[in-house]
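In what follows, a structure is listed as structure tokens, so that the remarks can point back to it.
The values are calculated or read from the model by the stated rules, or taken from the named source; none is laboratory data. The structure presented is a predicted model; accordingly, all values stated were derived computationally and were not measured. When we count neighbours, we look across all protein chains shown, and the Cβ atoms used for this are built from the backbone with ideal geometry, even at glycine. For accessibility, only protein heavy atoms count, side chains too; no ligands or nucleic acids. Shrake-Rupley method; radii C 1.70, N 1.55, O 1.52, S 1.80 Å.
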Amino acid sequence: MLVRDLIFEIGTEELPARFIPSSLEQMFALAQELLEEYRLPHGGIKTYGTPRRLVLYVRDLRERQGEKIEEIKGPPAQVAFTPEGTPTKAALGFARSQGVGVDSLVVKELNGGRYVFAVKRQEGLPTVQVLPSLLKRLVESLTFPKVMRWGEVPFRFARPIRWFLALYGEEVIPFELAGVASSNLTWGHRFLAPGPHEVREARSYFQVMAENYVVVDPEERARRIREGAQRLAGEKGGWVEEDRDLLEENTFLVEYPMPLLGSFDPSYLQLPREVIITPMKEHQRYFPVWKEGGELLPFFIAIHNGTDQYKDLIVKGYERVLGARLADASFFYH
């Protein structure tokens, strides 16, 4: 059985972080349903996502649809055939209406009775012929809390679609939707490696992404954030508490996560902790740094979308914004 991998990427303007997890769940469920409907056996489905892309990866997708067998119930057997087995007008008429020969009719038991069935067999088409329709339906079926239109395109999506990467093995799956044609091109990190970048084969997609500063797997991004934040906090004798919501939000705000350590004026520690934590977590998406005993330290972890180049300048910007928010918080509190 000949198989190839399928990679399908919907490239967009930056999606809201809260939209992405549910979109990936939808994409997984829709892909399962559509592949079953189109009779395309496969070796497994995975979905990935960043702020600029929703990705479907299907392993070992068979190169041809499975055969379709349809059984259509006809008249009772005693009406369709004489006791000697000769077809009656009922059998002849039923066979003619279904486009099959009367000799291909079969008799089966159903609900305690015996009925005539017409068995139709439809040979499967090559996978490359059915994938354009399948992928278009997949995109059109995705739903979001809010959608938008852009330009003069009569199509709605969470954010404007900028590209489709659709590769079955080395072969581009051609289709067009929302004024965008599919290709074997993708785009990397918006600032570090914008692109376009050619993907020669479905399995090489992840290597192309890694080379162009995109960590496409959300689980890997979350791991980098979690481990990097704990390492930086540990350097100051502290730790970062587990906050699944904050971790998930940061995971889907960046494509190449780089945890950075910043600080703030220790005098603000005299404020109630809620007054300090709220600007950090809710407004800036920073991770507070704690020490033994549950006390706050005058540090935070911010997640930068990029490398550590110019990190001192970047951290100063984070500190300046948080300092202004803490000054406002202190003023209103007092």
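Being closer than 20 Å to Val180 by Cβ and either free of Cβ contacts under 8 Å to residues at least 12 places away in the same chain or open to solvent by less than 30 Å² (accessible area, probe 1.4 Å) (or both) is the requirement here; does Ile10 meet it?
Judged against the criteria, Ile10 is a match.
Working only within the range 42-70, note down all residues that are loosely packed, with under 15 Cβ neighbours inside 10 Å and either free of Cβ contacts under 8 Å to residues at least 24 places away in the same chain or on the phi < 0 side of the Ramachandran plot (or both). If the condition is that a residue be loosely packed, with under 15 Cβ neighbours inside 10 Å and either free of Cβ contacts under 8 Å to residues at least 24 places away in the same chain or on the phi < 0 side of the Ramachandran plot (or both), then Gly43, Gly44, Lys46, Gly66, Glu67, Lys68, Ile69, Glu70 are the ones that fit. Highlighted here are the strands (runs of 3 or more DSSP E) found entirely within the range 87-204 that include at least 2 residues which are in contact with a strand residue (DSSP E or B) (Cβ under 8 Å, 6 or more places away or on another chain), over 15 Å from Val55 (Cβ atoms) and modelled with pLDDT under 85: 106-110, 113-122.
When restricted to residues that are open to solvent by less than 50 Å² (accessible area, probe 1.4 Å) and more than 12 Å from Phe81 (Cα to Cα), the range 105-120 contains 4. Hey, does the range 13-25 have a residue that's out of contact with any strand residue (DSSP E or B) (no Cβ under 9 Å at 6 or more places or on another chain), exposed (fewer than 15 other Cβ atoms within 10 Å of the Cβ), among the acidic types (Asp, Glu) and in a helix (DSSP H, G or I)? Taking every residue of the range 13-25 in turn, none turns out to be out of contact with any strand residue (DSSP E or B) (no Cβ under 9 Å at 6 or more places or on another chain), exposed (fewer than 15 other Cβ atoms within 10 Å of the Cβ), among the acidic types (Asp, Glu) and in a helix (DSSP H, G or I). Within the range 261-287, the residues that satisfy the criterion of being under 15 Å from Asp243 (Cα atoms) and among the β-branched types (Val, Ile, Thr) are Ile277, Thr278. Residues of the range 89-104 that are surrounded by 15 or more Cβ atoms within 10 Å (Cβ to Cβ), over 48 Å from the mean Cα position of the chain (by Cα) and without any contact (Cβ under 8 Å) to a residue 24 or more places away in the chain: Ala90, Gly93, Val102. Among the residues making up the range 153-162, those that are within 15 Å of Lys136 (Cβ to Cβ) and either open to solvent by 40 Å² or more (accessible area, probe 1.4 Å) or not β-branched (Val, Ile, Thr) (or both) are Pro154, Phe155, Arg156, Phe157.
Residues are listed down the side, and each one gets a yes or a no for (1) closer than 24 Å to His42 by Cβ; (2) surrounded by fewer than 21 Cβ atoms within 10 Å (Cβ to Cβ):
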position: Leu167; (1), (2): yes, no
position: Glu171; (1), (2): yes, yes
position: Pro174; (1), (2): yes, yes
position: Val180; (1), (2): no, yes
position: Trp187; (1), (2): no, yes
position: Leu192; (1), (2): no, yes
position: Glu198; (1), (2): no, yes
